[in-house]
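The values are calculated or read from the model by the stated rules, or taken from the named source; none is laboratory data. From a predicted model like this one, the values you see are computed outputs, not experimental measurements. Note that each Cβ is placed from the backbone with ideal geometry, even for glycine, and that neighbours are counted across all protein chains shown. Side chains are part of the model used for accessible areas, which takes the heavy atoms of the whole protein and leaves out ligands, DNA and RNA. Shrake-Rupley method; radii C 1.70, N 1.55, O 1.52, S 1.80 Å.
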Amino acid sequence: MALVTAAVVVLDCAEPEKLAHFYRQLLEGEESDANANLVEIRAADGVRIAFRRDVNATPPSWPRPENSLQAHLVLLVEDLDEAERRVVGLGGRPIETKDPAGPYEERGYADPAGHSFTLRLVPTAAPKQG
C-alpha cells in the first residue's frame with residue numbers, strides 16, 4: 001500500500017473562491033472540497049489544486065528578478081491559440097511574449113491573482129516511417 005495516495009498543489013491568494021473559479025473553468029474541473037479558507041478543485045484528468053485564503057498574499061513579480069517565482073504550473077494543451085483565448089476570456093493575462101528558448105512551444109501567463117503558469121503544447125508523435 002502506498003504511503004502517499006495523492007498530492008495537492010496549494011496556491012495562496014486573497015480570494016480563493018474567485019481563483020478556484022478561474023482554474024475550474026480553465027481545467028474543466030469541479031469543486032471537490034471547500035471551507036471558509038480553502039477551495040479545492042479536481043481537474044478532468046484528476047489533478048488537484050487548492051486555493052488557500054491569505055489576505056496578505058502578494059503575487060510573484062516573475063519574470064522580474066525582484067521577487068521569486070514561488071510556484072509555477074505547466075498546463076499541457078493541444079491548441080495554444082484556443083487555450084490562450086480561454087485564459088484571457090477567464091481573466092488571465094499573457095506575461096511571456098517572446099519565443100521560448102527551450103525545446104517546447106509554450107507561452108507564459110498570470111492568473112487573476114498574479115500566479116504564473118505556462119501553457120505548453122503537447123508534442124505530437126509522428127508515425128514511424130518505413
Report every pair of residues separated by at least 6 positions or lying on different chains whose Cβ atoms are under 7 Å apart, first residue within the stretch 12-37 and touching a residue at least 60 places away in the same chain (Cβ under 8 Å), second open to solvent by 80 Å² or more (accessible area, probe 1.4 Å).
14/55; 26/86
Counting just the residues of the stretch 10-33 that are part of a loop (DSSP other than H, G, I, E, B) and open to solvent by 70 Å² or more (accessible area, probe 1.4 Å), which one comes out nearest to residue 74 (Cα to Cα)?
28
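Taking the stretch 34-50 on its own, how many of its residues are among the charged types (D, E, K, R) and open to solvent by less than 80 Å² (accessible area, probe 1.4 Å)? Can you show your working first?
First, the residues of the stretch 34-50 that are among the charged types (D, E, K, R): 40, 42, 45, 48.
Pick out the ones that are also open to solvent by less than 80 Å² (accessible area, probe 1.4 Å) and you get 40, 48.
Summing the residues that are among the charged types (D, E, K, R) and open to solvent by less than 80 Å² (accessible area, probe 1.4 Å) in the stretch 34-50 gives 2.
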